Amino acid sequence: MIITEGEITFEIPDHLTITKKDEVFYNPKMKTCRDISLAVIQAFINKYYKDKEIKIADALSGTGIRGLRYAKELNARVKVFLNDINPNAYRKILQNAKLNDISNIEVSNEDANTFLSRHFRFFDIVDIDPFGSPSPYIDQAIRSLKTKNALLCLTATDTSALCGRAKKSCLRKYLAVPLRSKDCHEFALRILAGYAMRMATKYELFLKPIFCHATDHYVRVYLITDRGAKKADKTFKMLGYVKDYDGIKEVRNYGGEGFSGPLYIGNLYDSDIAKEALEIAEKRGFEKRVLKILKLIYDESKLGQIGCYDIHQISKVLKTSPPPMSEIISTLENNGFYATIAHYNPKGIKTNASLKDVIEIILKYNSKIKI
């Protein structure tokens with residue numbers, strides 16, 4: 001079967017189950033993720049790698065669609081190293097590269113960790129996009145990155161673990177207790193980012209998140225490298241624990257009964273990267289859904305708030321009806337606050353207003369309705 005995604009025309013198996021049983025793995029639902037990746041990585045390149053050749057690793061390539069799109073669509077001098085342990089995938093990547101007349105690539109057929117370990121301190125960008133958890137590959141991915149201004153991109157589809165439905169699985173894979181709450185997807189991002197940051201410290205490296213999103217069935221984080229023991233030590237000041245009390249979050253630097261973590265408690269975004277990624281996606285005519293996600297994330301990046309105010313959850317506690325989201329946001333803005341809908345929760349609001357301010361708006365709106 002021949003299909004087109006972005007600027008790439010490629011061949012996939014005729015019958016897809018979107019499981020590991022497929023001859024070669026390809027998930028069409030991840031197109032949004034790949035579009036966002038192109039915008040974010042292009043923004044990263046524009047900021048850190050102008051007029052330089054960039055080496056990119058796609059360590060778990062499948063059909064090769066992600067890596068081949070990087071090779072063809074990124075506006076930069078790039079060489080993409082695509083790898084997959086499946087010999088059928090290896091052959092399919094070569095076939096798809098030939099179909100698109102792409103030559104700025106190198107293709108290998110080996111275990112992802114073996115591939116990464118062969119390229120110590122070699123890559124400017126490493127993308128780990130597995131079926132399930134990226135945890136088994138994070139250590140070697142970090143070792144394969146350059147130690148200054150390199151980018152680690154991680155996708156995790158094991159959201160049952162990261163979002164708290166499979167607590168023991170999260171403990172095994174990420175050495176953290178997950179938070180099961182209305183905004184568990186944000187805390188899934190924070191657990192994944194925090195885990196990667198902790199793994200980097202033993203190499204005297206500091207990883208800092210510059211962009212993250214939780215979409216559909218997966219979460220994805222982008223972290224930039226910096227080197228030095230003192231910088232690596234900053235990691236531990238950025239880790240903490242969170243407890244949820246019916247939508248109210250308590251954040252602290254040590255654990256305890258009922259607390260989740262350790263997880264990253266800093267800002268998940270570089271606002272400049274978020275803004276430029278949105279502009280790039282607009283110029284390239286990406287689909288409306290991609291633009292909507294990027295716009296919400298850019299709006300979130302200005303706040304750095306941990307979690308969000310879930311209006312339906314708060315209204316339930318108050319035993320009243322939730323006002324329209326647009327009404328709450330416009331009222332907050334009219335009162336001089338900044339507010340936006342959380343990209344991962346259409347019922348959640350991120351704002352620099354206090355919970356008290358939000359509650360007052362909910363109660364005042366409903367009192368007017370009753371009158």
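The values are calculated or read from the model by the stated rules, or taken from the named source; none is laboratory data. All values derive from a computational prediction rather than experimental measurement. Every residue, glycine among them, receives a Cβ derived from its backbone with ideal geometry; neighbour counts consider all protein chains shown. Ligands, DNA and RNA are excluded from the accessible area calculation, which covers all protein heavy atoms including side chains. Shrake-Rupley method; radii C 1.70, N 1.55, O 1.52, S 1.80 Å.
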Open item on the list: Any residue that is modelled with pLDDT under 95 and hydrophobic (A, V, I, L, M, F, W, C) - is there at least one of those in segment 171-187?
Closed with: yes
Open item on the list: Looking at segment 172-223 only, could you name the residues that are open to solvent by less than 10 Å² (accessible area, probe 1.4 Å) and more than 20 Å from Asn267 (Cβ to Cβ)?
Closed with: Tyr174, Tyr218
Open item on the list: Looking only at residues that are over 18 Å from Gln42 (Cα atoms) and among the charged types (D, E, K, R) in segment 147-170, which one is surrounded by the fewest Cβ atoms within 10 Å (Cβ to Cβ)?
Closed with: Lys168
Task: Count of segment 255-285 residues which are among the aromatic types (Phe, Trp, Tyr) and within 15 Å of Ile41 (Cα to Cα) - done: 1
Task: Residue among Leu175, Leu189, Leu151, Leu171 that is over 14 Å from the mean Cα position of the chain (by Cα) and either among the β-branched types (Val, Ile, Thr) or at negative phi (or both) - done: Leu171
- [ ] Would you tally the residues in segment 107-117 being under 28 Å from Lys47 (Cα atoms) and in a loop (DSSP other than H, G, I, E, B)?
- [x] 0
Task: helices (runs of 4 or more DSSP H) wholly inside segment 234-345 containing at least 2 residues that are under 27 Å from Lys167 (Cα atoms) and touching a Gly at 6+ places or on another chain (Cβ under 7 Å) - done: 311-318
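Mind listing just one residue for me: the one in segment 118-132 that is in a loop (DSSP other than H, G, I, E, B) and touching a residue at least 40 places away in the same chain (Cβ under 8 Å) and, of those, most open to solvent (accessible area, probe 1.4 Å)? Steps first, answer last, please.
In the first step, residues of segment 118-132 are kept if they are in a loop (DSSP other than H, G, I, E, B); the result is 118-122, 124, 129-132.
Subset that is touching a residue at least 40 places away in the same chain (Cβ under 8 Å): 119, 122, 124, 129-131.
Working: His119: 17, Phe122: 62, Asp124: 1, Asp129: 32, Pro130: 15, Phe131: 98 Å².
Going through the qualifying residues, I end up with Phe131.
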Open item on the list: Let me spell it out: the conditions are (1) touching a Gly at 6+ places or on another chain (Cβ under 9 Å); (2) open to solvent by 90 Å² or more (accessible area, probe 1.4 Å), and Lys356 meets all of them except one. Which number is the exception?
Closed with: (1)
Task: Filter result for the condition that a residue is in contact with a strand residue (DSSP E or B) (Cβ under 9 Å, 6 or more places away or on another chain), open to solvent by 80 Å² or more (accessible area, probe 1.4 Å) and either over 25 Å from Arg252 (Cα atoms) or among the basic types (Lys, Arg) (or both), over Glu333, Glu282 - done: Glu333
